[in-house]
Amino acid sequence: MPDTIELKNRPRLIAGAAIAGKKEGEGPLGGVYDKIIADDLFGEESWEKAESRFYYTAARTCLEKGGITPEQTDVLLGGDLLNQIMSASMAARELHIPFLGLYGACSTMAESLCIGAMLTDGGYVGHALCAASSHFCSAERQYRFPLEYGCQRTPTAQWTVTGAGAALLSGDPSQPALCVCTHVTIGRVTDMGIADANNMGAAMAPAAADTLRRHFEDTGRSAVDYDLIITGDLGQVGHDILMELMQQQGHPLDASRYMDCGLEVFDRETQDVHAGGSGCGCSAIVLCSEILRRFQAGEIRRVLFMATGALLSTTTSQQGETIPGVAHAIVLEADA
Amino acid sequence: MFDKNSKPSPKRQAQLDRYKQLVDRISPKSALGQGLFRAWWVGGFICMLGQIFLEIGRGPLGMINSAASTFASTCIVFLTALLTGLGVFDKIGQYAGAGAFVPISGFANAMVSPAMEFRREGLVLGLGGKLFTIAGPVLVWGVSASVAVGIIYALITL
């Protein structure tokens with residue numbers, strides 16, 4: 001069985017929304033987000049509730065843009081980085097849409113799109129809302145140290161994006177689409193022995209290379225068939241490793257048509273983010289703003305969106321376990 | 001993985017070794033010279049402040065030596081706690097690394113930052129339970145090491 005599933009009915013991505021934090025708003029893509037929230041707490045009393053509000057706001061904004069009410073939405077898919085995916089669960093409590101919570105670490109946006117597209121393609125749901133979020137402050141306290149603790153970050157470390165993205169899929173062929181979903185490739189967990197939680201790009205790059213190779217083999221395509229290959233948050237280190245791994249595997253990538261959301265979301269020179277951005281929100285806000293904008297502008301016709309996840313927990317990291325990585329991919333095409 | 005006796009096959013091990021080499025080659029290294037310089041001047045500056053407080057204690061305030069050094073430590077701890085609360089100290093730490101946390105300022109920051117962070121989970125299980133998450137290991141092993149050294153010292157001076 002191939003790992004790639006062709007979506008014969010071409011589910012339609014009819015709307016996307018990206019809600020970004022202040023630092024992200026000051027980044028290179030600041031002009032394309034739907035909303036920039038300058039207050040890290042988003043008017044809430046904890047980082048967790050703030051992140052949940054990002055998630056909720058992205059979902060609501062996306063539904064509004066798609067002209068669909070929560071009652072008309074058949075399923076909400078997605079998650080975040082927090083323990084027990086609380087941000088998504090608390091947002092789903094408010095949205096009242098049938099909810100499937102997903103955890104794929106930073107691959108969650110691609111994972112939710114893959115499942116949403118398959119459910120829509122099969123005709124099981126009419127409208128699927130896919131969303132993912134992350135928040136620098138909530139992730140920092142869960143995975144690393146208290147915010148105000150003055151430790152140094154290593155050069156390979158990445159900066160968790162504060163933000164949430166949501167995309168609305170529809171099975172109704174009469175609805176105007178920003179793009180359509182044609183294939184999904186579900187990733188296998190790959191672990192090449194990296195245990196350094198401050199070098200997640202290196203932990204995730206082999207999974208990205210594996211999924212990409214399987215995708216090319218299953219579909220008979222190569223990198224030249226895509227206007228853009230987009231990875232989630234490999235950062236500079238993972239980006240460079242993936243380029244090299246693909247070269248070794250005989251599927252070389254063209255640097256000008258390969259983009260990593262972690263490198264797009266911040267200006268590494270001026271924003272002190274070291275290897276780049278990370279987190280579920282990273283690929284989610286870039287996809288739901290800039291990528292959809294490029295589809296709308298006709299700048300791209302076919303892309304492979306592949307978000308990668310480092311499936312680590314603080315517990316197993318402290319126990320010395322290596323970091324399992326995963327990457328899920330979905331092909332998005334302009335509506336013919 | 002679940003079979004405790006199994007080792008990776010030689011082929012797999014070679015693959016893992018090759019990947020590790022690739023990662024080591026591509027991952028940027030910390031700038032050692034720059035790090036040392038920043039730690040040196042910030043750490044030195046904090047120690048100089050301590051010395052100034054010590055002299056103030058001994059001179060104008062007329063304290064005896066032990067009181068003056070307690071006064072100096074208290075001032076540094078207070079200043080660090082204030083800067084932590086104002087959200088400045090983490091930036092100093094990012095800049096200076098060990099230069100900021102090896103002096104007693106590091107200890108103050110390690111106590112105040114969890115106190116601020118976990119206050120939301122309540123005074124007892126939040127603040128109380130997590131206050132020592134960073135300083136705890138230093139205290140446990142610092143005190144243990146000093147006890148061990150003390151015993152060795154007592155034995156050799158018998």
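Please treat every number below as a calculation from the coordinates, not as lab data. Keep in mind that this is a model prediction, so the values were computed, not measured. As a convention, Cβ positions derive from the backbone with ideal geometry for all residues, glycine included, and neighbour counts pool all protein chains shown.
Available extension along the chain between B:Ala148 and B:Phe78 is 22.1 nm, counting 0.36 nm per residue and deducting the alpha carbon span. Taken residue by residue and averaged, Cβ atoms of other chains lying within 10 Å of the Cβ of A:232-240 number 2.
Using the average count of surrounding beta-carbon atoms within 10 Å as a protection proxy, the listed peptides A:271-284, B:65-78 rank, highest first, as A:271-284, B:65-78. About its Cα centre, the dipole of the protein assembly as shown is roughly 960 debye, where the only charges are +1 on Lys and Arg Cβ and -1 on Asp and Glu Cβ. Any idea which of A:Thr219, A:Leu292, A:Gly238 is furthest toward the positive side of the dipole for the range A:214-292, if Lys and Arg beta-carbons carry +1 and Asp and Glu beta-carbons -1? Farthest towards the positive pole: A:Thr219. For the segment B:113-121, counting C-beta atoms of other chains within 10 Å of every residue's C-beta and taking the mean gives 4. Net length available on complete extension from A:His96 to A:Ser222 is 41.2 nm, with 0.36 nm assigned per residue and the Cα-Cα distance removed. Specify the angular offset, from 0 to 90 degrees and rounded to the nearest 10, of the alpha carbon long axis of helix B:135-156 from the longest principal axis of the alpha carbons in chain B. Between the helix axis and the principal axis of chain B, the angle is about 80 degrees.
Other protein chain C-beta atoms within 10 Å of residue C-beta, averaged over A:151-159: 5.
Cross-link reach is defined here as a Cα-Cα straight distance under 28 Å, omitting same-chain residues fewer than 8 places apart; for B:Lys91 the lysines meeting it are A:Lys22, A:Lys23, A:Lys35, A:Lys49, B:Lys29, B:Lys130.
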